[in-house]
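Encoded as structure tokens, the structure appears first; notes follow it.
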Amino acid sequence: MKFFLRIYWERGDFQVNKSVRRRGSLDIIADILDTSRRGVKKTRLLYNCSMSFAQLEKYLDLILEARLLFVESDGPRLLFKISGKGRSFLKAYESLKALME
């Protein structure tokens with residue numbers, strides 16, 4: 001049995017999220033969208049979503065094409081923010097996840 005351990009920074013403290021199964025594509029997309037609620041740089045997405053750069057690039061291409069995220073320029077840096085469509089996706093995902101538990 002494989003498990004996934006995710007450690008991330010939230011509200012000034014480290015949080016640990018253990019999962020007994022591997023994440024599927026929808027789980028990863030939801031994780032990226034959830035992390036992007038306030039606008040984040042690509043590096044923060046890498047750390048919070050526990051992904052490699054290649055994996056993140058693949059998912060960002062998919063998510064940006066579906067317009068679940070948008071990119072905002074903040075001076076020299078790019079911020080990834082969740083769109084209205086992304087919020088709807090995340091809400092539906094969380095509802096389905098709750099039904100499955």
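Since every read-out is calculated from the coordinates, none of them should be taken as a lab result. Bear in mind the structure is a predicted one, so any value in this text is a computation, not a measurement. Quick reminder, even Gly has a Cβ in these numbers, built from the backbone with ideal geometry, and neighbours come from all protein chains shown.
Taking 7 Å steps out from each Cα toward its Cβ at Ser50 and Arg37 produces label points 2.0 nm apart. A straight Cα-to-Cα reach below 14 Å connects Lys85 with the aspartates and glutamates Asp34, Glu65, residues fewer than 8 places away in its own chain not being considered.
Here Lys41 is the anchor, and the aspartates and glutamates within straight C-alpha reach of less than 12 Å, apart from those fewer than 8 places off in the same chain, are Glu72, Asp74. Its alpha carbons give segment 24-100 an Rg and a Dmax of 12.1, 43 Å. Pop the C-beta distance of Leu96 and Ser73 into the FRET formula with R0 = 30 Å and round what comes out to the nearest 0.05. So the FRET efficiency works out to roughly 0.35.
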